[in-house]
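Each remark here refers to the structure printed beneath this line.
The values are calculated or read from the model by the stated rules, or taken from the named source; none is laboratory data. This structure is a prediction, so every number in the text was calculated from the model and none was measured. Cβ: placed from backbone, ideal geometry, glycine included. Neighbour counts: every protein chain shown.
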Amino acid sequence: MSIFEVQTPQNSIGFQFWKLYQHWQKQVSETLSPYHITHTQFVMMASIAWFEEQGIQPSQAQVTQLMNIDKMACSKAVRQLESNGFVKRAKSKTDARAWSLSLNKKGLDIVPQAMKSIAQVDMEVFGSLGERKTTFNKILLLLNKF
C-alpha cells in the first residue's frame, strides 16, 4: 500500500505548484538582484505605491494585511528599506500607535523600473496561459481567501 494519494508527482497539485513557485521565485530574485532588493521588499514597495496611487498614505498594518505577512517580517523589511533609503516611516498623524509608510525619491524611482522587470518575468512564466491567465488569477484569488 502506497503512502501517496497520486500515482506520479505530475499528478500532485501541491508538487506542481511548488515547482512553478520555485521557477517563478528564482526568476524574480534574479530580476530584482540589480536593484538590491528582495522579493518581499519589492512587494512592500509596490504595495505602498498602490496605496499612494489611491490617495492613501498606508500604515504599516495596512501593508502587512494586504501582503498577508507576519508583522515582524513586515517590520524587518520596512527597517531594511528605510535604512537603504527607499521608504520613509513616520508616526501616523491620525493614530499615535501606528506608523505611516511612504516611498521616498529613491523608492519612487526604482518601483516603476522594477515593476516593468517583474511584469516581464510574469509574462515569461505565465504567458503560455494566454487568455486563461484571467481564469488562473481568479483561481488564485479564490485560493487566497484564507
Original post:
Is it the case that some residue within the range 102-124 is basic (Lys, Arg) and within 15 Å of the chain's Cα centre (by Cα)?
Top reply: yes
**OP:** List every residue pair whose Cβ atoms lie under 6 Å apart, where the two residues are 6 or more positions apart in sequence or sit on different chains, the first residue falls within the range 7-24 and is among the small types (Gly, Ala, Ser), and the second residue, located anywhere, is surrounded by 11 or more Cβ atoms within 10 Å (Cβ to Cβ) and not in a helix (DSSP H, G or I).
**Re:** Ser12/Val6
**OP:** Scan the range 90-101 and give yes if some residue there is within 14 Å of Gln60 (Cβ to Cβ) and at pLDDT 95 or above, otherwise no.
**Re:** yes
Original post:
What residue, of Thr40, Thr31, is over 22 Å from Phe146 (Cβ atoms), touching a helix residue (DSSP H, G or I) at 6+ places or on another chain (Cβ under 9 Å) and polar (S, T, N, Q)?
Top reply: Thr31
